[in-house]
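**Q** One structure coming up, written as structure tokens, with questions to follow.
The values are calculated or read from the model by the stated rules, or taken from the named source; none is laboratory data. Every value quoted in this text rests on a predicted model; they were computed, and no experiment measured them. As a convention, Cβ positions derive from the backbone with ideal geometry for all residues, glycine included, and neighbour counts pool all protein chains shown. Ligands, DNA and RNA are stripped out before the accessible areas are found, and what is left, the full protein with its side chains, is counted by its heavy atoms. Shrake-Rupley method; radii C 1.70, N 1.55, O 1.52, S 1.80 Å.
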Amino acid sequence: MTSKIMIGLDGHGSGERALAYATKLAKVIGSCELVVVYVIEWSPYSFQTPEENAERHKRREEEISTAMDRVINPALASLKKAGFSAKGIVRHGHVADTLNDLSEEENAEQIVVGRSTESGLIKRFFGSSTANLVMHANVPVTVVG
Amino acid sequence: MKFYQKVMLSLGTASALVSPAVAQEAMTLDEKVNEAFAAFTGPFVNLIFAPFPGTSFPWIVMWLVIAATVFTIYFSFVQLKFFKHAISLVKGDYSDPNDAGEVSHFQALATALSGTVGLGNIAGVAVAVGIGGPGATFWMILAGLMGMASKFTECTLGVKYRNEYPDGTVSGGPMYYISKGFSELGLPGGKILAILFSIFCILGALGGGNMFQANQAHAQISGITGAYPGWITGVIFAAVVFIVIVGGVKSIARVTEKVVPFMGILYVGASLVIILMNYDQIGWAFGQIFSGAFSGLGVAGGMVGALIQGFKRAAFSNEAGVGSAAIAHSAVRTKEPITEGFVSLLEPFIDTVVICTMTALVITISGQLISDPATGLYVLDGAHIATVDGNTGVALTSAAFASAFSWFPYVLAVAVVLFAFSTMISWSYYGLKSWTYLFGEGQTSELVFKVIFCVFIVIGAAANLGPVIDFSDAAIFAMAVVNITALYFLMKLVKQELLSYVARLASGEIKKFTH
């Protein structure tokens, strides 16, 4: 029986630490599958100009390939070096909701994320993505400081 | 040195000679622009608004109403049956999470709405009620409800036959569905109709999407600051639009796109407050609307006068059957083109049935329209109903709101300027798409159109309301002539989509995603 861990990356240092921690955890567990996820913050309820809409598909592809190159692929490479074959996913959406939805889709047993990188007013008004995930997740969440 | 001196000297003389003339001309510049414009556009306007022989009923109004009725019946009241489903689609209930990040139904609707919600709802309704009386509102609402079916038809086709380019961008609209749809059905003349549509769309973009906006924005601003020449407003507007569409300063457009929805909500909110403050008059206002609809209550042309005004302004405001929305809606990412058709039918509802009705109710309740207490009929001042301060167009709406909140004209001025601006940005895109359909894509060709567009802003702000509004209407309705002709041939393609979708919805093949 294998265990599945989902790792939420944010492109910052805390994501790196989450990745390092999850690698360590996977080694302890032994037989373990890893899924590396990067969520691009996006809302279907924003307002756009006709021109932005016409170019949206192109921009989305660009955003996904940038995230793959900068965040997911380096993470997959470092996991491979550590002896794990992992899957990488990039998806648009609300960070906390999307991570939770993906953990269900992928049947992940737990999620490992870095602590929040938002600060100031935004955090005060909307809470951090990490806090939202911890509050609403359907599987155990480990927050790495 | 000598040459330089000569130039300086001649410049000096020239300016000395010209300055008094300039001062004189500046005073009459607006009038001159107006006169030349009216003379130039007259024949076109007369053709589009030609009445049926022996009546005062313009054939074009009949054309739009018949089309909306045909689509309503042909799709067996799609606007009622799928209203709830449309809301469900906008909420994202049927959106595949794997498509997250693409243009959502909500975004396509919001973009299309910001192109239509604007001065038509504020100034256009005032024109309708000012000439046709409160009764025009009834016909406006009816036209809005029927127009939902026209919008459904054109927007489904817009998505179905859009062009998707290898770089991932999309272009869609009537010119694409007319040419592709006709060749799919083996019908001749698709290309000619598509070219005709594009020509009228460019004129519509310069008229209703541009000059009317500039004109009314100037009317609103000068109503607050005091009179000053219209070309000044025009030049400022043109400069900002130029920066956005030519200079590529997208941030201005982005800010407007975000502020406009809130202005819309604020406008509806303020209307509701005024209506509720006068709750004892709501019954009376609806009474005026209903009795005016069938008797005219003394307006020019009686019932027919009210009906023509209502239908005209509804069509101008929600653009159902015109084809412009099909351009805006075609960017949505969906496997089912018809879903965008369902979503688009909300547009005339929000635009006409909700927002236009608010304006009409506020104007009626405010008592700006003068009626004779003895007969209950409205007092005429020429073709218009006499108003308390002699206002027409956007000034009438402004005065109506000011009767409840003295500070509201300032808010309205900001709203008008922003609405005008966002409508101009939307229409510059519609016009550009038609332009590139005709002349091909390319920086020079696009720049030529954008410069022409900006020049027309100045003309629009300087001309009088009458000729501008006539030309705007004529150009937009000319689009509808071509678009609706094509829709009659293409509507069976939409029917196929509808039947297939309904069957798959019933069988459970199309189902909600759990989020």
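**Q** So what's the Cα pair-distance distribution over chain B, bin width 10 Å, in %?
**A** Cα pair-distance distribution for chain B, in percent: 4, 19, 29, 26, 14, 5, 2, 1, 0.
**Q** How large a share of the accessible area of chain A, in percent, is made up of carbon and sulfur atoms when the probe is 1.4 Å and the other protein chains stay in place?
**A** Within chain A, the accessible surface is 53 percent carbon and sulfur.
**Q** What net charge is computed for the residues neighbouring B:V78, neighbours being all others with C-beta under 11 Å from the C-beta of B:V78, Lys and Arg scored +1, Asp and Glu -1?
**A** Surrounding charge for B:V78 is +3.
**Q** Next up: What number comes out for the charge environment of B:N464, summing +1 per Lys or Arg and -1 per Asp or Glu over other residues with Cβ under 14 Å away?
**A** -3
**Q** Hey, another quick one. Defining a contact as two alpha carbons under 8 Å apart and six or more residues distant in sequence, what relative contact order in percent does the stretch B:119-507 show?
**A** Relative contact order, the stretch B:119-507: 40 percent.
**Q** Only counting protein heavy atoms at a 1.4 Å probe, give the residues of the stretch B:415-432, ordered by number, whose accessible area falls by 20 Å² or more when the other protein chains are present relative to the chain alone.
**A** Correct list: B:Y429.
**Q** How big is the A-B contact in terms of buried accessible area, both chains counted, 1.4 Å probe, rounded to the nearest 100 Å²?
**A** Chains A and B together bury roughly 2500 Å² of accessible area.
**Q** Sticking with this one: When the accessible area of chain B is split by element with a 1.4 Å probe, what percent falls to carbon and sulfur?
**A** Taking all protein chains in place, chain B shows 70 percent carbon and sulfur surface.
**Q** Let me ask something additional. Can you tell me the alpha carbon radius of gyration of the protein assembly as shown divided by the globular rule-of-thumb value 2.2 N^0.38 Å?
**A** Here the answer is 1.09, to two decimals.
**Q** Using every pair of alpha-carbon atoms in the stretch B:227-366, split the distances into 5 Å bins beginning at 0 and state the percent of pairs per bin, rounded to integers.
**A** With a bin width of 5 Å, the distribution comes to 2, 8, 11, 13, 15, 17, 14, 10, 7, 3, 0.
**Q** On to the next question. Given a Förster radius of 41 Å and the C-beta distance between A:A77 and A:S43 as r, what FRET efficiency does 1/(1 + (r/R0)^6) yield to the nearest 0.05?
**A** It comes out at approximately 0.85.
**Q** Further question: So in the protein assembly as shown, what percent of DSSP beta bridges are antiparallel if you round to the nearest 5?
**A** Taking every DSSP beta bridge within the protein assembly as shown, about 25 percent pair in antiparallel fashion.
**Q** Using Cα springs under 10 Å in a Gaussian network model of chain A, which residue among A:G15, A:G30, A:G93 shows the largest mean-square fluctuation?
**A** A:G30
**Q** For chain B, with every protein chain kept in place, what is the accessible area per residue (1.4 Å probe, Å²)?
**A** On a per-residue basis, chain B sits at 39 Å².
**Q** Can you give the local net charge around B:S344? Use residues other than it whose beta-carbon is closer than 10 angstrom to its beta-carbon, Lys and Arg +1, Asp and Glu -1.
**A** -2
**Q** Still on this model: Anyone know which of A:H94, A:H57, A:H12 comes out most mobile in the 10 Å Cα GNM of chain A?
**A** Maximum among the listed residues: A:H57.
**Q** Which value, in Å², gives the accessible area per residue of chain A when a 1.4 Å probe is used on the protein heavy atoms?
**A** 52
**Q** Taking a temperature of 4 °C and a viscosity of 1.567 mPa s, what whole-number D in µm²/s does Stokes-Einstein yield for chain A with Rh from Kirkwood over alpha carbon pairs?
**A** Once the numbers are plugged in, D ends up at 82 µm²/s.
**Q** In percent, what relative contact order does chain A have, based on Cα pairs under 8 Å that are 6 or more apart in sequence?
**A** 34
**Q** Check the straight Cα-Cα distances from B:K512 and name the lysines below 30 Å, setting aside those fewer than 8 residues away within the same chain.
**A** Cα-Cα hits under 30 Å: A:K4, A:K58, A:K87, B:K81, B:K84, B:K91, B:K151, B:K160, B:K258, B:K335, B:K492, B:K495.
**Q** If R0 is 56 Å, what FRET efficiency do you get for B:K258 and B:T375 from their C-beta distance, rounded to 0.05?
**A** 0.70
**Q** While we're here: B:S507 versus B:S56, label points 7 Å from Cα toward the beta carbon: distance in nm?
**A** Between B:S507 and B:S56, the simple spin-label model gives 5.7 nm.
**Q** Now for a separate question. Run the numbers on the stretch B:101-132: which residues show a drop of 40 Å² or more in accessible area, chain on its own versus all protein chains together, using a 1.4 Å probe over heavy atoms?
**A** When all protein chains are present, B:G101, B:E102, B:V103, B:F106, B:Q107, B:T111 each give up 40 Å² or more of accessible surface.
**Q** Also, quick follow-up: In the stretch A:32-55, what residues drop by 20 Å² or more of accessible area when the other protein chains are put back, versus the chain on its own? Use 1.4 Å, and skip ligands and nucleic acids.
**A** A:W42, A:P44, A:Y45, A:S46, A:F47, A:Q48, A:T49, A:P50, A:E51, A:E52, A:N53, A:A54
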